[in-house]
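Trainee: Please find one structure pasted underneath; my questions will follow.
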Amino acid sequence: MKKRNHWNKLDNAAKIFPSATSKQDTKVMRITLEMNEQIDSAALQCALNSTIKQFPVFQSTLKRGLFWYYLEFSAIEPVVKEESTTPCSTLYIDKEQLLFEVTYYKNRLNLEAHHSLTDGTGAYEFMQNLLMHYLKIKYPQEFYEYEIDTVSESSLFEKSDDSFDRYYSMQNVKKRFDDIYTGKVHQIKGNKYYEQQMFIIHGTANAKDVIKKAKEHNATLTEFLCSILICSIYKEMKIRERLKPIIVSIPVNLRKYFPSLSARNFFTVVHAGHHFDILDADIDEYDFFKNGLFDSVLESVKTELSAKLTKESLQKQIDRLMWAEKNFISRITPLFLKDITLKAIHHSAQQNSTAQISNLGVLPMPDIAKKYIKSIDAVLSTGKIQMVVSSYEGVLTLTISSKFVNTNIQKNFYKILANMGIEIVIKSNQPTV
């Protein structure tokens, strides 16, 4: 009898990603380490061989079942490759292949993963372990006594845990989602890059300087940056477009509220925004602060996030999402019908927001490894405009990926920060139109 392969059901957050994946939005995330030396591909392959044993769920392919997609353990061995494609290129194309990839180019080390496999926290934990294995292979004398297991606190079982199912309380079922906007939301329009192409801009600044400015406005970093992004979008709106609010979707790492060591997805999304008035003046970057408009936007964002970022509110989110998955109708609906429904749900969710901000927070690394690392950044694929915020060794990186050829919103964002006295260093790619 043929032995049945080990498999895992997709976690709740992952279930929508196979259906929502497209050439326009691949649902791929990338974490990049820029090293102080060129990457040794042979050592990196050995490091990957060791790392995958610590993260067995990563050695999975995505399969179609009768009712749901699922992850099945695969005999495919991950192979390190020299980077040859655009960032966040397609990883899931409905065939037998792993859902992550490790690439390198000169001194740059990349990990890319499909969102059905993991979220930013899980991907970064994998990258940490990969780097430490790599350094231990490259510098055996220096890292001889270093235990790789100390990088990760979780067991193999905990890394594969479905934390949504663990924290599903069944107390908030059949109640509407308070965080869904019912009105029309402003959508950015314009020419887009072809298929997987994105324009990616990395802006770096002193983390303390930006946090200091946020505190001067009595705001968290996420509230502060979200408000600046909203103002940056507003500056490009036509007067008639101000009848619709600008709404920013913000993924929330649920591990901060519900203890979890899972390397899989464990996040939800909340929204914050501001409804401008058609009588608001056409203004430049300085006027946002002179006439109190920025303070008005920030107050809207703070009010919404303070209500939504509580353990009680997030517990309701988990319960409602899990109920939508576990109710009888959902369970018996065939996958081909679920695909249609999930695509429609994803499209509706996209129409309920203007842009997205993901704050990965401070990215830790063992002290022994820091002298080998120049910088760390992250980027997410997007069908419109997306910002990823991360901090490493006092450097705040604000990465904006966009499908739009027009870069005025990005220019506005960095210029507003610069006008506040924050020094920004910019670098970008150059996609083809």
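The values are calculated or read from the model by the stated rules, or taken from the named source; none is laboratory data. Nothing here was measured: the structure is a model prediction, and the numbers come from that model. Positions of Cβ are backbone-derived with ideal geometry, glycine not excepted, and every protein chain shown enters the neighbour counts.
Trainee: Pro251 is checked against (1) part of a loop (DSSP other than H, G, I, E, B); (2) within 16 Å of Gly122 (Cα to Cα) and fails just one. What number does that condition carry?
Mentor: (1)
Residue by residue, here is whether (1) modelled with pLDDT of 85 or more; (2) part of a loop (DSSP other than H, G, I, E, B); (3) assigned by TED's automatic domain parsing to the domain that holds Phe404; (4) among the aromatic types (Phe, Trp, Tyr) holds:
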| site | (1), (2), (3), (4) |
| --- | --- |
| Tyr144 | yes, yes, no, yes |
| Phe157 | no, no, no, yes |
| Asn172 | no, yes, no, no |
| Lys175 | no, yes, no, no |
| Lys184 | yes, yes, no, no |
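Trainee: Please verify whether Ser116 is under 23 Å from the mean Cα position of the chain (by Cα), assigned to a loop (DSSP other than H, G, I, E, B) and within 24 Å of Ser428 (Cβ to Cβ), treating the condition exactly as stated.
Mentor: Numbers: under 23 Å from the mean Cα position of the chain (by Cα): yes; assigned to a loop (DSSP other than H, G, I, E, B): yes; within 24 Å of Ser428 (Cβ to Cβ): no.
Taking the combined requirement at face value, the residue does not satisfy it.
Trainee: Only residues in region 63-74 that are outside any loop (DSSP other than H, G, I, E, B) count as the first member; pair them with residues that are acidic (Asp, Glu), Cβ under 8 angstrom, at least 6 apart or cross-chain, and list the lot.
Mentor: Every condition considered, the pairs that remain are Lys63/Glu72; Arg64/Asp94.
Trainee: Answer with yes or no whether Thr51 is touching a Cys at 6+ places or on another chain (Cβ under 7 Å) and under 25 Å from Val388 (Cβ atoms).
Mentor: Judged against the criteria, Thr51 is not a match.
Trainee: Moving on to the next point. With respect to Lys106, determine if the residue is modelled with pLDDT of 95 or more and surrounded by fewer than 19 Cβ atoms within 10 Å (Cβ to Cβ).
Mentor: In short, yes.
Trainee: Follow-up question, since we're still on this one. Is it the case that region 271-294 has a residue that's of a type in the set (Gly, Ala, Ser), in contact (Cβ under 8 Å) with a residue 24 or more places away in the chain and farther than 23 Å from Ile385 by Cα?
Mentor: Step one: list which residues in region 271-294 are of a type in the set (Gly, Ala, Ser), which gives 272-273, 281, 292.
Keeping just the survivors that are in contact (Cβ under 8 Å) with a residue 24 or more places away in the chain gives 272-273.
Still in the list and also farther than 23 Å from Ile385 by Cα: none.
No, that holds for no residue.
Trainee: State the number of residues belonging to region 236-266 that are surrounded by 17 or more Cβ atoms within 10 Å (Cβ to Cβ), charged (D, E, K, R) and farther than 25 Å from Gly190 by Cα.
Mentor: 1
Trainee: Only residues in region 315-339 that are closer than 16 Å to Val252 by Cβ count as the first member; pair them with residues that are of a type in the set (Gly, Ala, Ser), Cβ under 6 angstrom, at least 6 apart or cross-chain, and list the lot.
Mentor: Short answer, once both residue conditions are applied: Asp319/Ser169.
Trainee: Specify the residue that is surrounded by the fewest Cβ atoms within 10 Å (Cβ to Cβ); the eligible residues are those in region 1-57 that are in contact with a Gly (Cβ under 7 Å, 6 or more places away or on another chain) and part of a loop (DSSP other than H, G, I, E, B). So that I can check it myself, show each step before the final result.
Mentor: Here is the first cut: in region 1-57, the ones in contact with a Gly (Cβ under 7 Å, 6 or more places away or on another chain) are 24-25, 29.
Subset that is part of a loop (DSSP other than H, G, I, E, B): 24-25.
Values: Gln24: 17, Asp25: 21.
So, considering only residues that are in contact with a Gly (Cβ under 7 Å, 6 or more places away or on another chain) and part of a loop (DSSP other than H, G, I, E, B), the one surrounded by the fewest Cβ atoms within 10 Å (Cβ to Cβ) is Gln24.
Trainee: Yes or no: region 77-89 includes at least one residue that is over 30 Å from Lys370 (Cα atoms) and exposed (fewer than 13 other Cβ atoms within 10 Å of the Cβ).
Mentor: For region 77-89, residues over 30 Å from Lys370 (Cα atoms) and exposed (fewer than 13 other Cβ atoms within 10 Å of the Cβ): absent.
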